[in-house]
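Asks: Got a structure here, written out as structure tokens. Questions coming.
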Amino acid sequence: VAGIVQATQATLVIAAFYPLAVVALVSVNRAAAKVWERSHAFNTSIADSLGIAMFETDAIPGSGEITYQLYAGDERRLGETVSDAEWAEILHPDDVDVEQLIDEAIAAGNDYRVRYRQWTDRVNDYRWFEEIGRVITNDAGAVTRIFGMTRDITELVTANEMIPRFDLLVDPLDIAISLVRLVDPSDPTSLTIVYENQAAKHLNGGFTGR
């Protein structure tokens, strides 16, 4: 009985005199497990559809190493749970300082937003990630819950790094050149200009006189 329901001594006494109590306890445990499975599947499907990973923990900082529950699609770089040490182990050597930034924000009860590189086995290389964390505190200011999301921003970082080099090549040209990005593929109005050379700025009336 104890192995099935993980009961305390008091519960075992109840089970000895009231056999139906055992059935009730097992049913509650099974129901709780099904609720957790549905919740985990739902959160994972959301993360997968948005192309992000979500995380949460109810562990209180200062009570030992924190372990986070993760929700992500098939292209995940970590397991379903991850500790602080496991997360830090795959950080790029040049980005290890970000761990301290996150720890300081959590200790102060502040939300945070950081960028860093982590090793990703599926591509056998480091990828850039943005992490946004929400830190929940109680009335006394103590941290009670942490949750948030991460997303792969490698292509965005690479594009931003290429623009200055691209600018040197095309800015002096007499033909108008613009780079645009469709932020939301389902919304044509989300088309955004990310770069214009001098000729394009003259044409569009956006010349800044630089």
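The values are calculated or read from the model by the stated rules, or taken from the named source; none is laboratory data. Just so it is clear, the model here is predicted, and its values are computed rather than measured. All Cβ positions, glycine included, derive from the backbone under ideal geometry; neighbour counts span all protein chains shown.
Asks: Examine segment 99-113 for a residue that is in a loop (DSSP other than H, G, I, E, B), acidic (Asp, Glu) and either modelled with pLDDT under 90 or surrounded by 12 or more Cβ atoms within 10 Å (Cβ to Cβ) (or both), and state whether such a residue exists. Steps first, please.
Replies: Taking segment 99-113 as the starting set, the residues that turn out to be in a loop (DSSP other than H, G, I, E, B) are 108-111.
Within this subset, residues satisfying the condition of being acidic (Asp, Glu) are 111.
From what is left, the residues that are either modelled with pLDDT under 90 or surrounded by 12 or more Cβ atoms within 10 Å (Cβ to Cβ) (or both) are 111.
For segment 99-113, residues in a loop (DSSP other than H, G, I, E, B), acidic (Asp, Glu) and either modelled with pLDDT under 90 or surrounded by 12 or more Cβ atoms within 10 Å (Cβ to Cβ) (or both): present.
Asks: Now, a different point. Being touching a helix residue (DSSP H, G or I) at 6+ places or on another chain (Cβ under 7 Å) and at pLDDT 70 or above is the filter here; which residues of segment 172-195 pass it?
Replies: Restricting attention to segment 172-195, the residues satisfying the condition of being touching a helix residue (DSSP H, G or I) at 6+ places or on another chain (Cβ under 7 Å) are 173-178, 182-184, 195.
Scanning segment 172-195 gives Asp174, Ile175, Ala176, Ile177, Ser178, Leu182, Val183, Asp184, Tyr195.
Asks: Of all residues in segment 196-210 being modelled with pLDDT under 70 and polar (S, T, N, Q), which is surrounded by the fewest Cβ atoms within 10 Å (Cβ to Cβ)? If you could, list the steps in order and put the result at the bottom.
Replies: The initial filter retains those residues of segment 196-210 that are modelled with pLDDT under 70, namely 204-210.
Narrowing further to those that are polar (S, T, N, Q): 204, 208.
Details: Asn204: 12, Thr208: 7.
Per the stated criteria, the residue is Thr208.
Asks: Quick one: which residue in Arg134, Arg122 is modelled with pLDDT of 90 or more and surrounded by fewer than 16 Cβ atoms within 10 Å (Cβ to Cβ)? Walk me through it before giving the result.
Replies: Numbers: Arg122 fails: modelled with pLDDT of 90 or more.
One residue alone meets the criteria, Arg134.
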